[in-house]
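Trainee: Before I ask anything, here is the structure I am working with.
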Amino acid sequence: MSNQKVLSGLGVGLNSVVGQVFKVAPHAGLPPRAKSNDADSEMPALRAAIGSVATDLAALGERAGGTSAEIFEALTYLLEDEELLELAEANIAEGWNAGSSYAMAVDEFGELLGSDPTFAERVADLQDLSKRVQAKLSGIELSLNLPSEGSLILVGEDFSPADTAQFTPAVKGVITSKGGPTSHTSIICRSRNIPAVVSCAAADELENGESVLVDPVGDRVIIGGTVSDATAAISFVAINEEPIIAVRSNIGTLADAETAASTLADGVGLFRTELLYLSERSAPSIEQQTEQYAKILAAAPAGPIVVRTIDAGSDKPVPFLNMGEEENPALGVRGYRLIVEHRSFIESQLVSLEAARQSTGRDVWVMAPMIATVQEAADFCALAKGIGKFKVGIMVETPSIAAMIGDLKGIVDFVSVGTNDLSQYLFAADRMNPALGTLLTPWQPALIRTLARIADAGKSAGISVGVCGESASDPTFAIVLAGLGVSSVSASASQVDVVAKALSSLDLAKAKEVANLALSATSAEAAKAVVLAALAG
Ligand code: PEP
Ligand code: MG
């Protein structure tokens, strides 16, 4: 290992690969914003450019197929969104040219979508579309022109869906300096089995043509590394027909519910309802909500469906809730705290869900996000039980409620741990800040020990404990969760099958043994290493 240099990041996938660095330069700069000299021609020019980008997206989608094709279809809807066009038209009326008007409209729209990671990626998609429309209007070429032969390790800041659709068979690995575990690059690489290391801050140091090992299991890139340096990859082989605990899917839209239904998911462990309302300027009526929920419930995979009431806040504003600015939005009025100002909307969600439950006959559970006290849990449960025949529970995302699980006996039917927020609050580390990724990995011992306490307290109190944060989408970590005593996990749809396979590859006794090893570690690296070694051996 003497001449080798190690760059750390966040690994995506279970296999490693060696190849030659191929750096993707940022695209040529777009022209600065400018006023128009011919106002009448701008709207037709904008419509033509949008039409042409839509055609490109359709062609890219057809070429890429699978998950990418679905992403492109969704992007075309975003691209042609009526509200977005109205904003652009208003900018043209103020004298701006077509490209500037669309760019400004996307910026305004992006602000509405807020900064939650789930939505931040939609904002990134929109910005990419904006770039494409502007490039079209000014004749700039955005294609990557990748070679079709060789063993390339693509290196760049991050890759948009349109970029990933241009990956040729020569792309054997990917390294990005930005983009987290839920970015498009990660999702696409995971679904196509391309090993990747994202959030690799030192990726810029890599030189074109040099040989590198992409070692996702080790969360690192080794310059000059060989396959023998790779952290052991585990290939899970199912030995049981069923996973040792239930594996459910996370969803946010009808399309997600349909995708989840084609996986091994046993129902839905987290339906993020706020995703339906991100651009709504007025509150949807009970009839509208009932119709939407009924469609989603009907499409969802067989099994229980855990629906979360709206989780909006200053960091993911829902326009019709008219929420003000806050100094520290993550610590502000978000999630269940909206009950003070917006009780009627939360009630309308529960009323609509009950109607949708009755019309579809599905087993609907409801839960509230961002609960901090036993009293809040009791209030929500009383409210929900008074409205519908649901199982009722809460999310465990704050350290304060994590300390009180035993006292929820007789109040909640279940709890679901949101490890994304629980990590953020446990470590006082903003989940939006890519510089803090090492504090936010689920392998941190303080998180693992907190999860163990939650699972133990849930067991003693007779409350079932699920986990629906991103940590449950990591098949190896899902084994640790099962061993800690968690009774279900809920993963993103793309990860459900791999998580189910991992949880079918061993018995509960082995999972407990592995969880105990993780519990004895005092660093994230050690916890991950000891678990991987035990599962590989
Ligand atoms: C979580 O916090 O882990 C969670 C699942 O909720 P969200 O990511 O939507 O905040
Ligand atoms: Mg959360």
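Trainee: For the range 409-537, what is Rg from Cα atoms divided by 2.2 N^0.38 Å, rounded to two decimals? Walk me through the intermediate numbers first.
Mentor: Values: Rg = 14.0 Å, N = 129, 2.2 N^0.38 = 13.9 Å.
Cα-based Rg divided by the globular estimate yields 1.01.
Trainee: From the mean inverse distance of alpha carbon pairs (Kirkwood) and the Cα radius of gyration, derive Rg over Rh for the range 317-357.
Mentor: Numbers: Rg = 12.2 Å, Rh = 11.5 Å.
So for the range 317-357, dividing Rg by the Kirkwood Rh gives 1.06.
Trainee: Another question about this same structure. To the nearest 20 debye, what is the magnitude of the charge dipole of the chain about its Cα centre, counting +1 on the Cβ of each Lys and Arg and -1 on the Cβ of each Asp and Glu?
Mentor: Dipole about the Cα centre, nearest 20: 1640 debye.
Trainee: Let me ask something else. For the chain, what is the percent of antiparallel DSSP beta bridges, rounded to the nearest 5? The partial results should precede the final answer.
Mentor: Numbers: 17 of 57 bridges.
Percent antiparallel among DSSP bridges in the chain is about 30.
Trainee: Could you state the accessible area per residue of the chain in Å², with a 1.4 Å probe and every protein chain left in place? Spell out each step's value before the answer.
Mentor: Values: 21910 Å² over 537 residues.
That works out to 41 Å² per residue.
Trainee: State the volume of the convex hull built on the alpha-carbon positions of the range 181-330, expressed per residue in Å³ and rounded to an integer. Kindly include the intermediate steps, with their values, before the conclusion.
Mentor: Details: hull volume 27.0 nm³, N = 150.
Per residue, the Cα convex hull of the range 181-330 comes to 180 Å³.
Trainee: Just how large is the dipole of the range 211-368 about the Cα centre, in debye to the nearest 20, putting +1 at every Lys and Arg Cβ and -1 at every Asp and Glu Cβ? Can you show the working numbers first?
Mentor: Values: 12 positive and 21 negative charges, 43 e Å.
Computed charge dipole of the range 211-368: roughly 200 debye.
Trainee: While we're looking at this one, here's another question. Is there a pair in K409/K512; K178/K528; K295/K510; K136/K295 whose C-alpha atoms are over 29 Å apart, and which pairs would that be? Please list the in-between numbers first.
Mentor: Values: K409/K512 25 Å; K178/K528 23 Å; K295/K510 40 Å; K136/K295 37 Å.
Pairs exceeding the cut-off: K295/K510; K136/K295.
Trainee: What net charge is computed for the residues neighbouring V499, neighbours being all others with C-beta under 14 Å from the C-beta of V499, Lys and Arg scored +1, Asp and Glu -1?
Mentor: On the way: positive: R190, R248, K501; negative: E242, D266, E470, D474, D497.
Residues near V499 contribute -2 overall.
Trainee: For the ranges 380-386, 456-462, what's the packing order if you count other beta-carbon atoms within 10 Å of each residue, average per peptide, and put the highest first? Intermediate results must be reported in sequence, preceding the final value.
Mentor: Values: 380-386: 17.9, 456-462: 16.1.
Put in order of decreasing packing, that is 380-386, 456-462.
Trainee: While we're on this one: Given the protein chains as shown and a 1.4 Å probe, how many square angstrom of V480 are accessible, to the nearest 10?
Mentor: Accessible area, nearest 10 Å²: 0 Å².
Trainee: Please list, in chain and number order, the residues 5+ apart from V155 or on another chain whose amide H is under 5 Å from its amide H, with Hs placed from the backbone.
Mentor: The answer is F22, K23, V24, I175.
Trainee: Moving on. Taking the Cα atoms of the range 472-537, what is the range of coordinates along each of the three principal axes, in descending order and whole Å?
Mentor: Here the spans come out as 31, 22, 22 Å, largest first.
Trainee: Could you list log10 I(q)/I(0) for the chain at q = 0.05, 0.08 Å⁻¹, which the Debye formula gives when each Cα is one point scatterer?
Mentor: So the normalised log intensities are -0.21, -0.54.
Trainee: For the ranges 304-313, 515-524, 259-268, what's the packing order if you count other beta-carbon atoms within 10 Å of each residue, average per peptide, and put the highest first?
Mentor: Numbers: 304-313: 25.2, 515-524: 17.2, 259-268: 21.1.
Highest-to-lowest ranking by the protection proxy: 304-313, 259-268, 515-524.
Trainee: Per DSSP helix of 4 or more residues, -39500 (n - 2.57); summed, then divided by the residues of the chain. What does that give at 222 nm, rounded to the nearest 500?
Mentor: Details: 19 runs with 240 residues, N = 537.
Taken over the chain, the calculation gives -14000 deg cm²/dmol.
Trainee: Would you kindly calculate the translational diffusion coefficient of the range 131-198, applying Stokes-Einstein with the Kirkwood radius from alpha carbon pairs, for 4 °C and a viscosity of 1.567 mPa s, and quote it in µm² s⁻¹ without decimals? Don't jump to the answer; show the numbers that get you there.
Mentor: Values: Rh = 12.6 Å.
Translational diffusion coefficient: 103 µm²/s.
Trainee: Using the Cα centre of the range 107-243 as the reference point, and only Cβ charges (+1 on K/R, -1 on D/E), how large is the resulting charge dipole? Debye, rounded to the nearest 20. If you can, show how the numbers build up before the last one.
Mentor: Numbers: 9 positive and 21 negative charges, 67 e Å.
The dipole magnitude comes to about 320 debye.
Trainee: Could you rank the peptides 329-336, 472-479 by their average count of other C-beta atoms within 10 Å per residue, with the highest value first?
Mentor: Order by mean packing, descending: 472-479, 329-336.
Trainee: From the phi of every residue in the range 52-57, what ³J(HN,Hα) in whole Hz does the Karplus formula 6.51 cos²θ - 1.76 cosθ + 1.60 yield, where θ is phi - 60° and glycine or proline is x?
Mentor: 5, 5, 4, 5, 4, 5
Trainee: Tabulate in residue order the Karplus-calculated ³J(HN,Hα) for the range 274-288, using 6.51 cos²θ - 1.76 cosθ + 1.60 with θ = phi - 60°, rounded to whole Hz; enter x for Gly and Pro.
Mentor: Karplus values, whole Hz, x for Gly and Pro: 4, 4, 6, 10, 4, 10, 7, 8, 10, 5, x, 6, 4, 5, 4.
Trainee: Taking 8 Å as the Cα distance limit and 6 or more residues as the minimum spacing, I'd like the relative contact order of the chain as a percentage. Provide the component values of the computation, followed by the final result.
Mentor: On the way: 1117 pairs, mean separation 77.7, N = 537.
So the answer I get is 14 percent.
Trainee: Could you check how much of the accessible area of the range 233-277 is carbon and sulfur, as a whole percent, using a 1.4 Å probe? Please report the intermediate quantities before stating the final value.
Mentor: Working: 960 of 1870 Å².
The computed percentage sits at 51.
Trainee: Under a no-solvent Debye model with one identical scatterer per Cα of the range 448-509, what's log10 I(q)/I(0) at q = 0.12, 0.13, 0.17 Å⁻¹?
Mentor: Each listed q maps to, in turn, -0.26, -0.31, -0.52.
Trainee: Given the range 291-361 reduced to its alpha-carbon atoms as identical point scatterers, what log10 I(q)/I(0) does the Debye formula return at q = 0.24 Å⁻¹?
Mentor: -1.02
Trainee: Which listed residue (S359, M404, S148) has the Cα farthest towards the positive end of the charge dipole for the chain, taking +1 on Lys and Arg C-beta and -1 on Asp and Glu C-beta about the Cα centre?
Mentor: M404
Trainee: Picking from V333, A493, A165, whose Cα lies most toward the positive end of the charge dipole for the chain (charges on Cβ: Lys, Arg +1; Asp, Glu -1)?
Mentor: A493
Trainee: Cα atoms only: what Rg and Dmax, in Å, come out for the range 77-225?
Mentor: Final numbers for Rg and Dmax: 17.7, 57 Å.
The values are calculated or read from the model by the stated rules, or taken from the named source; none is laboratory data. Values in this document were obtained by computation on a predicted structure and should not be read as measured data. Cβ atoms come from the backbone with ideal geometry, glycine included; neighbour counts cover every protein chain shown. Keep in mind that these areas ignore ligands, DNA and RNA; they rest on the heavy atoms of the full protein, side chains included. Shrake-Rupley method; radii C 1.70, N 1.55, O 1.52, S 1.80 Å.
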